[in-house]
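The values are calculated or read from the model by the stated rules, or taken from the named source; none is laboratory data. All values reported here derive from a predicted model rather than from experimental measurement. Glycine gets a Cβ as well: all are built from the backbone with ideal geometry, and neighbour counts include every protein chain shown. Calculation scope for accessible area: heavy atoms of the full protein, side chains included, ligands and nucleic acids excluded. Shrake-Rupley method; radii C 1.70, N 1.55, O 1.52, S 1.80 Å.
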Amino acid sequence: MMILGLVRWMQPVHGYDVRRELLSWSADKWANVQPGSIYHALRKLTEEGLLREVATEQVGARPARVTYGITPKGEDEFQGLLRGNWWNLGEVVDPFFAAFSFLPALPREEASAALRNRARLLRAMNDSLRAAMESGWMKTDKPVHVSWMWQLSIARAEGEISWCERIADLIDAGVTYLPEEHAKNFDWPHLDWAQHAPMAGDQDDEESPGDA
């Protein structure tokens with residue numbers, strides 16, 4: 001969607017200018033658009049009929065530069081993606097969720113310290129965003145909705161900061177990680193997950209006639 005949208009906005013446009021614009025937006029950090037994949041994406045979108053080659057320019061001995069424009073099919077695709085992302089909730093993939101699912105594998109002191117450090121890092125990020133929002137660069141060179149996007153990032157980070165500190169307090173207080181009936185019987189490092197947390201459908205398999 002990002003590449004289609006930029007070509008639509010800047011057309012006719014070279015791949016270099018699309019790449020430069022995305023980097024100026026830091027889209028590699030928040031939109032999963034990697035700079036090295038932009039030229040490949042432009043070619044693929046062209047092969048799929050979503051973009052078209054407007055012209056090819058040759059300047060001296062440099063490689064030929066292709067300018068792109070969006071096609072009617074690409075316009076339909078962009079509008080569908082745009083409204084899909086406006087009207088629907090998307091899952092945010094954060095590696096921290098995978099790590100947090102193994103919370104009991106860390107010593108309590110380390111888990112608590114890591115959460116408080118995460119809160120400090122998030123605060124530093126918010127401080128940086130707030131400073132940038134007050135700068136002349138933001139106020140004079142960027143559309144107002146860019147600052148609104150940053151406000152959303154700050155609000156989300158504030159919620160996570162509060163959560164990190166609250167969970168760190170619970171860990172420090174010795175709150176058990178397992179339900180009470182399990183906590184009294186099992187030691188986490190020696191807990192057999194497969195034995196004590198069967199996958200859905202295992203019980204049906206155990207009761208199947210072939211196992212009788």
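The number of residues in the range 23-44 that are open to solvent by 30 Å² or more (accessible area, probe 1.4 Å) and either closer than 21 Å to residue 73 by Cβ or at pLDDT 80 or above (or both) comes to 5. When restricted to residues that are closer than 22 Å to residue 20 by Cα, of a type in the set (A, V, I, L, M) and in contact (Cβ under 8 Å) with a residue 60 or more places away in the chain, the range 33-85 contains 2.
Scanning the range 105-144 for residues that are within 18 Å of residue 177 (Cβ to Cβ) and not basic (Lys, Arg) gives 105, 106, 107, 109, 110, 111, 112, 113, 114, 115. Across the range 1-22, the qualifying residues are those that are closer than 13 Å to residue 66 by Cα and not in a loop (DSSP other than H, G, I, E, B), and the one among them that is most open to solvent (accessible area, probe 1.4 Å) is 16.
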